[in-house]
Every structure is written in structure tokens, then in C-alpha cells.
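**Q** Here you go, one structure.
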Amino acid sequence: MINKHSQLKRIERFKPMIRCHSMLPILFAVMGMTSVAIADTPKEVPTKVVSFVSKVGCKKQQLPARVIAIGSSTMRGALGPRLSRVFKKDPNISFHLWGKSATGLARPDFFDWPKKVVQLIDKKKPDAWIVSLGTNDFQGLRMPDRSWIRFGSDKWIAEYTVRVRKLLEQMAGTDRKRTIIYIGPTAYSQKRFVGRMGAAISQVIREQVQAFTGPAIFYDAFSLTSTAKNKPKKSFKQRRYHIHGPDKIHLSRKALEFLLEKPVVKLLRDCLAGINPS
């Protein structure tokens, strides 16, 4: 169960700042994916534990596996193409990428991810998913009757929880056999309310994945890219490599490679083999 009181305590200080529900998709749409090359390649991937497995753990899948990666701008324009290049050389994985910038679960009136997932299942018949959603959900939730649920309320936590759970259930299928790697939001702004929202969203997704009764892993990108006070980190590997690109929103090439691409590739391959993250 989600601890609503702990969630609300985190975010109650920035409630008055959440006003412009409809502007966030436009904001993110105009901010293209940028990256910056930085120094030499790190010798190893950061070792911080940021992976959380579902209640039933990973289940061995028959190979080759059909894998679909979905998400917003990070997946569509940066991480997704990287994964595509990696898996193109892997005979055990047939990879398909589908992304749309400025999207998430908050605004189904702008883009309906559950509906798209159903279409992809019908067309591609996936065995596994890689999902990168949440960074654009720092806002109120749009409801079918065109009303809003304001972030920071009990209703927001409850409704966002329902949306995450519904997405997991749709991706996994009624038999709960499809593997899911769910990448949470990344930290990107010095504004306190954005950081607190990112932490809250990340916690909701993590708890839903951990409670899920299908093979799933939550990858906590927010904790890798934020400080203990929920502010975005500026660098990693003893400050040698920038985390963000010039726009201060999207990740740099080094951060993409070593904080997302390499760990996620390993998580997927291991989980398809029935190996839980250590």
C-alpha cells in the first residue's frame, strides 16, 4: 500500500505552485533531446542499488524474445536508439521502439498510453517491455470528465497509483507472463516542487512494481540523478562527467550510457533468463 501521509508530507510545501496543467506537454515538446560529450569513458558503471523486483520476480522467457521499448523524449530520442543499436547485434532479442515526446500518464487527453499499449500488443505480440515514463507527470491529472486532480492530494496519489497499476497489468497480459523493465523519472530541475514531485512519482511506481504479480523490475533513475534533498545531481564518477546536457533537462551522452543504457540492458537480459537483480 502507498503511504499517503508520507507522500503528502513530501509535497505539501509546493502545492500552491502547481497551476499550469496544460502547458507542460508543450514545454517538453519544444525541448529537443540534447547531449554533450564529456571526457573519457568511465571504467565501470555506478554500483548504487537502484533496482527493485516485483513480488514474483523474474521468470525465464523463451528466446528469441520480442521486446518493445516505449516512453517519452528520453526513450524516443536518446535511450531508445541506443538500445536499438545494442539489441540489433543480439540474436536473442527482436527490438521495437515506439516513443512520443512530452507524454506520460497524467494527460491521457494529450496522449493515451494504455490505448497505445493495447495497439502495440495486437500488432507486435511482445514478450517484454522497457518503459520510460514519469518525467512529464509533474502536474495535475486530467480525468475523463475533463476535470483535474491537483497534485498533492490524496486523490492524486490514489489515481496515479491506479494508472501505473493499469499500465503494468496491460503490458504483462492476463497471464502475467510478459517481462517489464520500468524506468522511473529522472531529476532535472532545481525547483523544489519538481524535485519533490519526482521523488513522489518514483515512489509510487516502485511500490506498484514491487507489489506486482508478474515479472517486473523498477529501475530508480531518480535516485541516481538526484541528491538526498531531491535536487538534481550535476555530475557522477567523482564529478568527472556531467549528468545533464545543455538544456539541463535531458541526460548527457555519458549519463545515458552509464546510468541508463548499460544497466537496463543487463537488467533485461538477466530478467529474461530468470535472474533477479542482485
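Values quoted throughout were computed directly from the atomic coordinates according to the rules given, and no laboratory measurement underlies them. Note that the structure is a prediction, hence the values are computed from the model and not measured. Please note: Cβ atoms are built from the backbone with ideal geometry, for glycine as well, and neighbour counts cover all protein chains shown.
**Q** Please say if the stretch 211-265 is rounded, prolate or oblate, where rounded means a/c under 1.5 for a ≥ b ≥ c the square roots of the C-alpha gyration tensor eigenvalues, and otherwise the choice is prolate for a/b larger than b/c and oblate otherwise?
**A** Numbers: a/c = 2.35, a/b = 1.68, b/c = 1.40.
Since a/c reaches 1.5 and a/b is larger than b/c, the shape of the stretch 211-265 is classed as prolate.
**Q** For the stretch 117-183, with the dipole built from +1 on Lys and Arg beta-carbon atoms and -1 on Asp and Glu ones, taken about the Cα centre, which of ILE157, MET171, ILE183 lies farthest toward the positive end?
**A** The residue sitting most towards the positive pole is MET171.
**Q** Let me ask something additional. Using only the Cα atoms of the stretch 56-190, what do you get for the radius of gyration and for Dmax, in Å?
**A** According to the Cα coordinates of the stretch 56-190, Rg and Dmax are 15.5, 47 Å.
**Q** Which net charge results when you count Lys and Arg as +1 and Asp and Glu as -1 among the other residues whose beta-carbon is under 12 Å from that of PRO114? Don't skip to the end; give the middle numbers.
**A** Numbers: positive: LYS115, LYS116, ARG163, ARG165, LYS166; negative: ASP112, GLU169.
Surrounding charge for PRO114 is +3.
**Q** Taking a threshold of 22 Å on the Cα-Cα distance, which of the pairs LYS55/LYS266; LYS166/LYS248; LYS123/LYS166 fall above it?
**A** On the way: LYS55/LYS266 20 Å; LYS166/LYS248 31 Å; LYS123/LYS166 20 Å.
From the list (LYS55/LYS266; LYS166/LYS248; LYS123/LYS166), the Cα-Cα distance tops 22 Å for LYS166/LYS248.
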